[in-house]
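So the structure is just underneath, and the comments pick up after that.
Here, each number is a calculation from the coordinates, and none is a lab measurement. What you see is a predicted model, and the numbers here were worked out from it, not measured in a lab. Note that each Cβ is placed from the backbone with ideal geometry, even for glycine, and that neighbours are counted across all protein chains shown.
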Amino acid sequence: MIPLIGYTDKLSGRHGETIAVKVSSTSDAPYRAELVRVISGDPNPDGPGMNLVPVPSAIDGTYPSRTQETRLGSHMEASLLADLPDTFRLDATVFPTTPDKGPQGVITIHTYNNHDDVITLGIGPDGVFCQVGSTVIATGTTLPPYTWANIWADIDLTRGAVTVGHSIAKLDQAVERTMDQVPTDRSAGTYILIAAIDPNDPATHFNGKIEHPRISIENEVVAAWDFSKDMTSFQIEGDDPLADTGDLINGPMRAVTGSNWDASEHNWNRDPAQYGAIHFHDDDITDCNWDTDFTFTIPGDLPSGAYAIRLTSGEHWDLLPIFVCPPKGKQTADVCLLISTFTYVIYANQARDDFGQHWRDRAADWGAFPHNPVDHPDYGLSTYNDHSDGSGIAHTTWHRPIMNLRPGYHPFADDKCGSGLRHFPADTHILAWLHAKDIPFDVVTDWELNNEGAELLAPYKTVMTTSHPEYHTLQTLDGVQGYRDNGGNLIYMGGNGFYWRVALHPEKDGLIEVRRAEGGLRAWASEPGEYYSGFTGEYSGLWRRNGRPPNALTGIGYTCQGDFEGTYYRRMPASEKPEFAWMFDGIEDEIIGDFGLCGGGAAGYELDRVEPRLGTPPNAVVVAKSENHPESFVLPPEEWLTHVKTWAVGTPEELVRADMTYFDVPGGGQVFSTGSITFSGSLPCNNFDNNISKLLENVVRRFSS
């Protein structure tokens, strides 16, 4: 267990809004909390360092320590509206993904009065089983994985007999046995668990799909839940006289194909009856549900910016980020930095394959954030990881500790990676640069943009993105587009931006879904028929496949990815023309950015290029282009037609590049795009006095003048 860790109930807020802070501390002594402003979060001793400025606040002080636990695993809970008789049947259709894991509940009946009187229909290594009190009867044959099966149990408490069985492809197997002891307490208040035996024990949670769970009396269904209804909700209305509304706990995956899916329809909105299953996992999570230790009300005089609540207890520490936005409808600066919290949360607790002792050693040497999701999967992993059953993780939440959303966290630790920063820690290079150049700025997040639209950004002369604004809803994409098209000046600071479409859950703030539909560089692939969001019903996947390629917004779009290393840009002839030369005022170098804290160069890791066929405006001008990238840089799947032919027809070598691009739009706005994730890592070099820093300063001051 991590000795000191916490999270907040939201990542951003405005003056007067209250943020709940939840902490788990294993110490016997109190821990301390204080507010700090985040200037820089790079632990690299060769970089700008960890610059965290204390800000006096009402939360400063000590708080009693206590340990708070997280319970992973999804299931459904519902009550029965009346007692069951002595004879009834439990049955369901299941698609197990780890049938040999151990006893997993499919339908479990508890009573509030006596939890020992449990009746469970489930599966495990011994096949389909039914447990009645202390009696367990099983078919003895493990169900095959990834295969639909009907399972049932006939329970006769009068005779003290149980029959359990399954049917696969019309082949039946059944076993009957007498109970060792007949349960005595079957009083009112009985409730049902679907996909678990013990709601607090992930080991008893079912992995796989379940559909049509029901209870019958004398061949008449008296309690059932139709998972094809209320698809976007975490509540499912009971269908029959004894079935109360069911609550889905920890966000299992809905809008998945059922046993009757015949591939004639791939959009669940048009035929939900073919999507009557729910995929449960024993490591799902939507909320740690920790108790609140204290609250922080954002004071009216706190400037907009990136802050953190610093927790300390002896040698242990944690930093909980909070992005403070200006008052609604107001601005306090001409420049706005748009924080990509959706991307941060999509990557939340990413467990990387390249993690090892070298990471722990570097974290210790640098005094960096010491905890890694590989060592601590306790709070659920990221959508770049798999569930325990091998299926991809599609849901993520900010209602949990997020280790890689910490100033001082570095995902990469090999020698060539430099600081090895991504996401928020990498974006603090932009924060540090704005402070170093004394450029006033506000911050807003994609959460506010999603809810308020382009009007949120409209007052600003310039909007800057972060280094990797990859994940967007339709609302955030429209918001940035609307700002740009109505005279706004946009600076795209990264690479592989505006790439994937995500959906927010309508009932749970902070819960985000991604479906990895066909195309794209994917950590896992959505199953056929499951490309439409269960949260909103929208088609998911790449924005490019949704008809909104990033090139049409920023002029450039994702073209290649390599190891976490970078090279440089070479200025193009257009950079000497009078209408563009202002960007390079004070820069004599032809080669720019051949240095950097992230990967050693300004053009690295993930790169973007112009592509007229994907919407790059005709007036877009490439003022600098990267070159000399290592062999690790390759094209993503959407850029290949065959193993030798690219979609853009050019050779792979021609497409491996970052195009630094400028253009203006009819509404009066301008766009400057860097096309590289590691661009911002070059800003702090030589104490922010370098050609990349000068170039960006020229653009920002021109755009915001």
Too long for a 20 Å Cα-Cα cut-off, among 416/437; 437/577; 328/437; 10/328; 328/508; 330/437, are 416/437; 437/577; 328/437; 328/508; 330/437
Each label sits 7 Å from Cα toward the beta-carbon; between residue 173 and residue 579 the label points are separated, in nm, by 7.5 nm
Once both label points are put 7 Å beyond Cα along the C-beta direction, the residue 358-residue 239 separation in nm becomes 5.5 nm
Cβ density ranking, 10 Å radius, fewest first, applied to 531, 569, 605 yields 531, 605, 569
Summed over the other residues with a beta carbon less than 10 angstrom from that of residue 670, with K and R at +1 and D and E at -1, the charge totals +1
Sequence order, the stretch 191-200: Karplus ³J(HN,Hα) from phi using 6.51 cos²θ - 1.76 cosθ + 1.60, θ = phi - 60°, Hz rounded, Gly and Pro as x, gives 10, 10, 10, 10, 6, 6, 9, 10, x, 9
With residue 255 itself left out, Lys, Arg at +1 and Asp, Glu at -1 over residues whose Cβ is under 13 Å from its Cβ give -3
Relative contact order in percent for the chain (Cα pairs under 8 Å, 6+ apart) equals 13 percent
The Cα radius of gyration of the stretch 307-703, divided by 2.2 N^0.38 Å with N its residue count, comes to 0.93
On the formula 1/(1 + (r/R0)^6), with r taken between the Cβ atoms of residue 589 and residue 301 and R0 of 45 Å, the FRET efficiency rounded to 0.05 is 0.55
A correct Stokes-Einstein calculation for the stretch 403-486, using the alpha-carbon Kirkwood radius, 25 °C and 0.890 mPa s, returns a whole-number D in µm² s⁻¹ of 169 µm²/s
Hydrodynamic calc, the stretch 587-705: Kirkwood Rh from Cα pairs, then Stokes-Einstein at 20 °C with viscosity 1.002 mPa s, so D in µm² s⁻¹ is 137 µm²/s
The summed charge of the residue 42 Cβ neighbourhood (under 15 Å; Lys/Arg +1, Asp/Glu -1) stands at 0
Rounded to the nearest whole number, the per residue volume of the convex hull around the C-alpha atoms of the stretch 199-272 in Å³ is 124 Å³
Once amide hydrogens are built 1.01 Å from N within the peptide plane, the residues lying 5 or more places from residue 179 or on another chain with amide H under 5 Å from its amide H are 161, 162
1/(1 + (r/R0)^6) with r = Cβ-Cβ of residue 181 and residue 220, R0 = 30 Å, i.e. FRET efficiency to nearest 0.05, evaluates to 0.60
P(r) over all Cα-Cα pairs of the chain, 20 Å bins from 0 to the longest distance, whole percent per bin, short to long, reads 17, 46, 28, 8, 0
Expected unfolding gain across residue 647-residue 81 under the 0.36 nm per residue rule, minus the alpha-carbon gap, is 197.8 nm
Straight-line reach check, residue 170, cutoff 29 Å on alpha carbons, 8 or more apart in-chain or any other chain, hits among lysines -> 101, 209, 229
Note on the stretch 75-280: C-alpha Rg/Rh, Kirkwood Rh, two decimals, gives 0.94
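Determine, from the Cβ-Cβ distance of residue 291 and residue 689 and an R0 of 41 Å, the FRET efficiency 1/(1 + (r/R0)^6), rounded to the nearest 0.05.
0.25
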With the 8 Å Cα cutoff and a minimum separation of six or more residues, the stretch 75-280 has a relative contact order in percent of 26 percent
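Using the crude model of +1 on Lys and Arg Cβ and -1 on Asp and Glu Cβ, and no other charge, please compute the dipole size for the chain relative to its Cα centre, in debye to 20.
Computed charge dipole of the chain: roughly 1720 debye.
At 222 nm, what helix-only mean residue ellipticity would the chain give, in deg cm²/dmol to the nearest 500, using -39500 (n - 2.57) for each DSSP H run of four or more?
It lands at -3000 deg cm²/dmol.
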